[in-house]
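Data block below; observations after.
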Amino acid sequence: MKTSDYVKVILNELSEHLSAIQDEQAEHLVTSILSAQKVFVAGAGRSGLMGKSFAMRLTHIGVKAYVIGETNTPSFTEEDLLIVGSGSGRTESLLVLAKKAKAIGGKVAAFTLSPESPLADLSDEVILLSGAPKDQQDGNHHTIQPMGSLFEQSLLLTYDAVILRLMEIKELDTHTMYGHHANLE
């Protein structure tokens, strides 16, 4: 297959899997983001990179957003929200973060493929994404893409859709967002 053919297959997979997003789950997350004092984002590996891009966009729309593990990340409080992206919902380092956030009294939201995972059990809100697990052994979903690519891409697109919903509510557009964009580049 040519590269352009692979792109078409990837886009078809994304279109098929993202049509299963439950708007009610996403709306709950939007409400939680708007009511949180600060939003913290976590993920491991490529899911973590998707989370970093989400935190950046949250900052661009005026939300106090932080990435867990960065040197400028402040303390988490009971007024805050931790958003975790984990396809399996079983990544140990992310479970430790979710448990600690709950012990502090804050809220936890999880993006995952697995509604019965330990992360889903710990979370106040679960946003289920459809897709193939990283090992591609379990479930009914299949992909030509390696490892967790389908989940990671779905995560990024869903994060961007949440940003668009927040922009709509806050009556923002791209031009007004530049007031929060880095200007020393």
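Things to note:
- Pairing each residue of segment 114-129 that is surrounded by fewer than 18 Cβ atoms within 10 Å (Cβ to Cβ) with any residue that is charged (D, E, K, R), provided the two are 6+ apart or on different chains, yields C-beta distances under 9 Å for Asp124/Lys102; Asp124/Lys107.
- Any hit, segment 46-61, residues being hydrophobic (A, V, I, L, M, F, W, C), more than 17 Å from the chain's Cα centre (by Cα) and assigned to a helix (DSSP H, G or I): no
- If you go through segment 74-104 and keep only what is part of a loop (DSSP other than H, G, I, E, B) and touching a strand residue (DSSP E or B) at 6+ places or on another chain (Cβ under 8 Å), you end up with Pro74, Phe76, Asp80, Ser86, Gly87, Ser88, Gly89.
- Under the condition of being modelled with pLDDT of 80 or more and not charged (D, E, K, R), the residues counted in segment 144-164 number 13.
- Residue that is modelled with the highest pLDDT, among those in segment 105-123 that are in contact with a helix residue (DSSP H, G or I) (Cβ under 8 Å, 6 or more places away or on another chain) and part of a loop (DSSP other than H, G, I, E, B): Ser123
- Considered as a group, the residues in segment 144-172 that are part of a loop (DSSP other than H, G, I, E, B) and not charged (D, E, K, R) include one that is nearest to Val84 (Cα to Cα), and that residue is Gly148.
- Condition check for Tyr6: outside any loop (DSSP other than H, G, I, E, B) and either out of contact with any helix residue (DSSP H, G or I) (no Cβ under 9 Å at 6 or more places or on another chain) or not hydroxyl-bearing (Ser, Thr, Tyr) (or both): yes
- Cβ-Cβ distances below 7 Å connect the following pairs, each with a first residue in segment 1-25 that is in contact (Cβ under 8 Å) with a residue 60 or more places away in the chain, a second residue that is in a helix (DSSP H, G or I) and not polar (S, T, N, Q), and a separation of six or more residues or different chains: Glu13/Leu150; Leu14/Leu157; His17/Leu150; Leu18/Leu157.
- The residue list Val30, Val7, Val63, Val39 contains one member that is out of contact with any strand residue (DSSP E or B) (no Cβ under 9 Å at 6 or more places or on another chain), at pLDDT 95 or above and over 13 Å from Leu156 (Cα atoms), which is Val30.
- Looking only at segment 75-104, and only at residues there that are at pLDDT 95 or above and touching a Lys or Arg at 6+ places or on another chain (Cβ under 8 Å), the one that is surrounded by the most Cβ atoms within 10 Å (Cβ to Cβ): Leu82
The values are calculated or read from the model by the stated rules, or taken from the named source; none is laboratory data. Given the structure is predicted, the values throughout are model-derived calculations rather than measurements. Backbone-built Cβ (ideal geometry, glycine too); neighbour counts: all protein chains shown.
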